[in-house]
1. Taking amide H positions as placed in the peptide plane 1.01 Å from N, state which residues far from residue 183 in sequence (5 or more) or on other chains have amide H under 5 Å from it.
2. With charges only on Cβ, +1 for K and R and -1 for D and E, what is the dipole size of the stretch 249-401 about its Cα centre, in debye, rounded to 20?
3. For the charge dipole of the stretch 86-246, defined by +1 on Lys and Arg C-beta atoms and -1 on Asp and Glu C-beta atoms about the Cα centroid, which residue among 102, 238, 181 has the Cα displaced farthest towards the positive pole?
4. How many lysine pairs does the stretch 86-246 hold where the Cα atoms are under 15 Å apart and the two sit 8 or more places apart or on different chains?
5. Is the stretch 112-151 best put as rounded, prolate or oblate by its Cα gyration tensor, with a ≥ b ≥ c the root eigenvalues, rounded for a/c under 1.5, and otherwise prolate when a/b is larger than b/c, oblate when not?
6. Could the peptides 122-132, 474-484, 420-430 be put in order, highest first, of the mean number of other beta-carbon atoms found within 10 Å of their residues?
7. Which whole-Hz ³J(HN,Hα) couplings does the stretch 122-134 yield from phi under the Karplus relation 6.51 cos²θ - 1.76 cosθ + 1.60, θ = phi - 60°, glycine and proline marked x?
8. Mind checking which of 418, 371, 352 is farthest towards the positive end of the stretch 300-439's charge dipole, using Cβ charges of +1 (Lys, Arg) and -1 (Asp, Glu) about the Cα centre?
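The values are calculated or read from the model by the stated rules, or taken from the named source; none is laboratory data. All values reported here derive from a predicted model rather than from experimental measurement. Cβ placement follows ideal geometry from the backbone for every residue including glycine, while neighbour counts extend to all protein chains displayed. Surface accessibility is based on the protein's heavy atoms, side chains included, excluding ligands, DNA and RNA. Shrake-Rupley method; radii C 1.70, N 1.55, O 1.52, S 1.80 Å.
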Amino acid sequence: MAVSTSFPGAKLEALLLKCGSSNAATATATTTTHLSCFCKTRKTLVQSQRGPIRCEASSASDVVADATKKAASVSALEQLKTSAADRYTKERSSVMVIGLSVHSTPVEMREKLAIPEAEWPRAIAELCSLNHIEEAAVLSTCNRMEIYVVALSKHRGVKEVTEWMSKTSGIPVADLCQHQFLLYNKDATQHLFEVSAGLDSLVLGEGQILAQVKQVVKVGQGVNGFGRNISGLFKHAITVGKRVRTETNIAAGAVSVSSAAVELALMKLPEASHANARMLVIGAGKMGKLVIKHLVAKGCTKMVVVNRSEERVAAIREEIKDVEIIYKPLSEMLTCIGEADVVFTSTASENPLFLKDDVKELPPATDEVGGRRLFVDISVPRNVGSCLSDLESVRVYNVDDLKEVVAANKEDRLRKAMEAQAIIGEESKQFEAWRDSLETVPTIKKLRAYAERIRLAELEKCLGKMGDDINKKTQRAVDDLSRGIVNKLLHGPMQHLRCDGSDSRTLSETLENMHALNRMFNLETEISVLEQKIRAKVEQKP
């Protein structure tokens with residue numbers, strides 16, 4: 001099937017033309033050499049027979065042979081161009097995820113990759129400006145940095161996104177490749193569903209990740225590049241997350257980073273000190289508020305909260321009754337640390353709040369907790385400088401250390417995870433069927449446009465035969481008649497092209513019908529649509 005490769009700026013066209021020029025030059029050089037040799041031989045022969053004369057031109061048969069060779073060379077080049085363009089445009093768009101998570105990437109690298117929520121629309125715009133990326137979404141949390149895209153070309157898309165991540169984070173591509181994971185289509189779908197269900201979290205079934213997936217959809221609404229495929233994927237992931245939690249009760253126990261942080265702190269403290277340990281929470285945002293709630297749930301009745309402003313702390317105090325919550329401003333943070341046994345940090349600061357030199361001269365923790373102060377940092381980027389670990393008087397834990405809490409109930413986790421996987425498998429099939437059903441949309445548009453062109457052409461002929469004095473009422477009646485005939489003729493084919501993706505048998509039949517209509521009416525939907533997408537990407541470039 002011939003495919004146009006003439007759209008401006010196409011790298012493939014330029015490459016092929018370059019190759020073509022090179023081939024043509026080689027062919028010309030070869031032909032010249034051949035003719036030169038031919039003339040030399042012929043000259044010698046003629047000289048021996050008739051004496052000295054000029055070198056004669058080739059015979060008619062030699063000219064025809066040479067022309068045939070040239071034509072074959074050009075034909076081969078055109079076939080190569082068509083074949084390469086065919087492979088390029090026939091490749092179906094792929095849903096992909098390029099990610100780095102707590103399971104394989106150290107926190108030092110994740111904090112460089114982290115993108116604040118306010119920057120997600122900008123990141124989507126930048127990703128979609130890449131040559132082979134159609135749609136995009138960013139899922140950036142303390143435990144993961146994942147880029148979801150719809151790519152016109154799988155391998156080119158991975159290369160472009162990886163280079164973009166390197167550029168924005170300052171991490172070399174080689175280092176990213178050592179830690180990142182790549183998943184395509186069904187595997188990418190299943191991964192996001194597992195993430196939304198809490199199966200990929202350090203703390204099984206944590207509720208916070210589902211809220212973060214919802215936030216991706218909320219922020220993406222109206223953003224150019226958060227398109228039908230990616231939007232549909234994330235919305236379906238929310239449905240899966242809710243269903244898994246409802247049907248498996250996977251959220252029982254420690255189900256968030258904040259609750260795991262509290263459990264980790266209590267695991268590290270002597271049990272006798274739980275009731276009297278002095279608790280300090282730095283940051284009263286979403287995570288800080290959850291830490292406070294989990295401390296209260298564990299029996300803590302008094303704590304100090306350091307925050308930039310008092311309003312949030314006052315609101316928490318109003319919500320949680322019968323607990324003494326003391327507000328302190330950031331200016332008194334170091335003093336508060338010196339008076340605490342356990343310090344939780346959960347702020348949005350992009351730089352450490354304190355380093356070793358800030359803490360080493362502070363009074364030690366009480367003997368009741370062993371004389372060593374605990375820092376539990378659940379922020380990414382980290383709020384507590386890693387250099388604090390050098391001090392004998394402190395113990396520092398971050399989100400990577402929550403794995404210890406995760407391992408507490410392994411048997412129950414595996415049982416619930418198996419139940420959740422069955423649900424995810426079922427939902428993955430439904431989503432893939434829905435995505436496959438989208439393939440028929442271009443065919444529906446093409447078929448209707450094809451019929452409309454024929455209708456308008458025949459209508460124009462008909463009105464021309466009826467003369468110039470035909471009134472508007474009659475014109476309208478003829479136009480309505482032609483529309484009615486076309487609509488009734490298209491009704492059957494259109495019904496057989498529409499499918500909601502819920503029934504795999506119906507979907508298979510629908511796709512067969514689509515391919516049959518493409519052949520019958522020469523609609524060339526798949527190639528022409530992808531050509532339009534590629535052309536649009538090229539035309540967007542300045």
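1. Residues meeting the amide H criterion: 97.
2. 320
3. Of the options given, the answer is 238.
4. Lysine pairs, 8 or more places apart or on different chains, close enough: 7.
5. prolate
6. Packing proxy ranking, top to bottom: 122-132, 420-430, 474-484.
7. 5, 4, 4, 4, 5, 5, 6, 7, 5, 4, 10, 10, 8
8. The residue sitting farthest along the positive end of the dipole is 371.
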